[in-house]
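Colleague: Structure in structure tokens, see below.
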Amino acid sequence: MKKVYMIITFMLVSISTSLCFASPYSLGIIDYKQSNGIYIAIEHIIDEYGNIYSTCYGPVVLNSDGFWYYGMYDDNRNLSATPYLVGDEKKNESEMNELRYQNAVRQTNFMKKVHEINKSATRTQGVGKIATVPDSLIVLLVSFTDTPGTYNYRSSYENLLFSNGSYSSSPSPNSYTTYGSMRDYYYDMSRGQFSLIGRIANSDTTGGTINWIDIPYSKSYCDGMAANAFMDSVLAIAKIQQGIDYEDELAAGTHKMAIIYAGHIFFYGGGLHPQANTTDGIYICGEMMNSPHEVFTAIGWNCHEFAHLLGIYEDDYKGSYRYWRWGLMDTGQWCGIAKYNNIVFGGECPVPLTPDERNRLLWQSYTEVTTPQTFQLTFNTTYGLSNVYKMTATHAQGGSTQNFLLENRQ
């Protein structure tokens, strides 16, 4: 995937471990006026768990007195208001730094516990299969009673997900520029160690187009279902309609499944919100980008959800120290410049996984920096990734140790 990384910068990432299974979707920045007359800007984010409100300093809470305050997580990751008003950050700069630190520590500790519980429940062939050999993905295309499939040729999905170095020269069905397939993305992330293979499981019609698996419900009805219930329904109907048995596929060597549903991606926090069931090794996503983009989906969302099936989760995207569009598992799956009807929708150039995530997948090693020194961040033109330097720092107030990773992004 050459030329996929559009911005040259240095990246500093605080290492943490967290667990969440759905793609965060930003509803945009909302301007508010506090009752004391101060104007503030808050980002509204939604995933399958609900609504999150945040500024660059961390999560915020609308208190009963009508003011927005910065929030503090407890040991169970519940958020409550602190005395610090949104808009008064400069008056409480040292307190805000400590709040961000404490939120990050509490959230990380909580998610580590959940991560251990999840690991004990996952099937061997599903989550966390870190491979230096080909990993296989089976894809089911499903439609609804009120939403038929739009892009009906097998090659569209094969090029998007599995093509080898050709998706940039063979553009999407809408002819927007592409820079590589999901297979190409992960080949680059792994520095050539990981190769994704797979197939579209649906049969073909007599006319040579995809025979979609027909779900006997409306799209909105399915969005109202729990995600796991929707996935179970798809598996049952696929077996009845087309004889596709996921358990047989697993036994035959398939490791993971993608369910791609007809029409636009639904970002309403329901059963169709792009997300992954890491226990069963299944993710769901839409055929088309979110409305009003009448356009075939880009690789970004698929790369994000597939990362969950490899055992990578959203690292602290709901709390302090977010890395926003600098990481695939925050909002980096949106990156790109592709337009349709002169509206940018992005997603064709997802940014890399962070160095920490690549290291956890055994794809990235670090150069330790233990003493003050001058060094050069070299850029690997083969895979679009640089060498990574690891530095350790001690928190001035808490005394705990934090690790920081530095790499050249291009």
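Colleague: Being polar (S, T, N, Q) and either in a loop (DSSP other than H, G, I, E, B) or surrounded by fewer than 23 Cβ atoms within 10 Å (Cβ to Cβ) (or both) is the filter here; which residues of region 283-312 pass it?
Modeller: Taking region 283-312 first, the residues polar (S, T, N, Q) are 290-291, 297, 302.
Asn290, Ser291, Thr297, listed by residue number.
Colleague: In region 133-153, is there at least one residue being at pLDDT below 85, part of a loop (DSSP other than H, G, I, E, B) and small (Gly, Ala, Ser)?
Modeller: No.
Colleague: Test Gln397 against the stated conditions and say whether it is in a strand (DSSP E or B) and at pLDDT below 80. Give the derivation first.
Modeller: Values: in a strand (DSSP E or B): no; at pLDDT below 80: yes.
The answer is no for Gln397.
Colleague: Do you know which residues across region 361-388 are crowded, with 18+ Cβ neighbours inside 10 Å, outside any loop (DSSP other than H, G, I, E, B) and at pLDDT 85 or above?
Modeller: Val388, the sole residue that qualifies.
Colleague: Limited to region 158-171, what total is found for residues that are within 18 Å of Gln333 (Cβ to Cβ) and either outside any loop (DSSP other than H, G, I, E, B) or in contact with a His (Cβ under 7 Å, 6 or more places away or on another chain) (or both)?
Modeller: 2
Colleague: Now, a different point. Kindly list the number of the only condition in (1) surrounded by fewer than 22 Cβ atoms within 10 Å (Cβ to Cβ); (2) over 17 Å from Phe162 (Cβ atoms) that fails for Phe194.
Modeller: Failed condition: (2).
Colleague: Among the residues of region 244-275, what is the count of those that are of a type in the set (Val, Ile, Thr) and under 20 Å from Arg183 (Cα atoms)? Walk me through how you get there before you give the answer.
Modeller: First, pick out the residues of region 244-275 that are of a type in the set (Val, Ile, Thr): 244, 254, 259-260, 265.
Those still in the list that are under 20 Å from Arg183 (Cα atoms) too: 254, 259-260.
So the count comes out to 3.
Colleague: Take Gly198 and decide whether it is touching a strand residue (DSSP E or B) at 6+ places or on another chain (Cβ under 7 Å) and under 30 Å from Thr354 (Cα atoms). So that I can check it myself, show each step before the final result.
Modeller: Values: touching a strand residue (DSSP E or B) at 6+ places or on another chain (Cβ under 7 Å): yes; under 30 Å from Thr354 (Cα atoms): yes.
Here the answer is yes, as Gly198 does meet what is asked.
Colleague: Here's a follow-up. Hey, could you check region 50-69 for residues that are surrounded by 14 or more Cβ atoms within 10 Å (Cβ to Cβ), closer than 19 Å to Trp324 by Cα and not polar (S, T, N, Q) and say which is modelled with the lowest pLDDT? Lay out the reasoning, then the answer.
Modeller: Keep residues of region 50-69 that are surrounded by 14 or more Cβ atoms within 10 Å (Cβ to Cβ), which gives 52-55, 57-63, 67-69.
Filter once more, so that each one left must be closer than 19 Å to Trp324 by Cα: 52-55, 57-60.
Those still in the list that are not polar (S, T, N, Q) too: 52-53, 57-60.
Details: Ile52: 76, Tyr53: 83, Tyr57: 81, Gly58: 83, Pro59: 86, Val60: 89.
Result: Ile52.
The values are calculated or read from the model by the stated rules, or taken from the named source; none is laboratory data. Keep in mind that what you see is a predicted model, and the values were worked out from it rather than measured. FYI the Cβ positions are ideal-geometry reconstructions off the backbone, even for glycines, and counts take in every protein chain you see.
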